[in-house]
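Step one of this worksheet: look at the structure below.
The values are calculated or read from the model by the stated rules, or taken from the named source; none is laboratory data. The structure displayed is predicted, hence computed values, not measured ones. With ideal geometry, Cβ positions are generated from the backbone for all residues, glycine too; neighbour counts draw on all protein chains shown. Surface accessibility is based on the protein's heavy atoms, side chains included, excluding ligands, DNA and RNA. Shrake-Rupley method; radii C 1.70, N 1.55, O 1.52, S 1.80 Å.
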Amino acid sequence: MIGAFVGFSSTSVLIDFDKRRIKFSNNLFGIIRIGKWIEVKPEMKLGIRESNVTWRAFSRSNRSLEVENNDFRLILMNNNEQEIMELKKVDSLEKAKTELAILCSKLELKAIEWIIVRFSINSFHRTETKLCNYHESGS
């Protein structure tokens with residue numbers, strides 16, 4: 001029973017473009033969706049967050065193994081540019097910009113001009129955040 005719960009449970013984001021609402025849901029056993037709809041307001045914004053997470057494990061012989069997980073995530077933010085939820089995960093900045101443009105046009109929202117970069121090393125439980133401009137000069 002526990003194995004089925006862990007093995008088939010996942011998370012997802014549902015976007016209703018007609019009613020302008022978004023739902024983050026936990027899918028228990030893969031079929032039972034639990035979550036709450038959030039109304040998309042005109043003052044909300046969309047942005048891109050770069051995620052650089054490194055998982056580090058140490059063996060008894062004092063050897064370490066590091067696994068890096070780098071991706072870009074589209075995020076929904078309130079009018080104060082505070083993150084509400086992640087909407088989508090993509091591999092590259094170009095794909096993130098394309099998906100951001102599509103979601104901005106469908107949801108009629110503005111995009112912020114900054115990419116949020118978070119560096120996290122799991123074994124140290126430390127996170128650093130900085131802002132980087134992702135628009136090239138002249139555009």
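Summary of computed values
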| read-out | value |
| --- | --- |
| Net charge, K36 excluded, C-beta distance under 12 Å - Lys, Arg +1, Asp, Glu -1 | +2 |
| Cβ-defined net charge surrounding I84, 13 Å radius [Lys, Arg +1; Asp, Glu -1] | +2 |
| Packing rank of 11-22, 85-96, where each peptide gets the mean count of other beta carbons within 10 Å, highest leading | 85-96, 11-22 |
| Within the accessible area of segment 1-61 (1.4 Å probe), percent carbon and sulfur | 60 |
| Label-to-label distance, nm, for residues given as A101 and S51 (7 Å Cα→Cβ offset) | 2.4 |
| Å³ per residue enclosed by the Cα convex hull of segment 1-99 | 145 |
| Förster-model FRET efficiency, 25 Å R0, I84 and S64, C-beta, rounded to 0.05 | 0.10 |
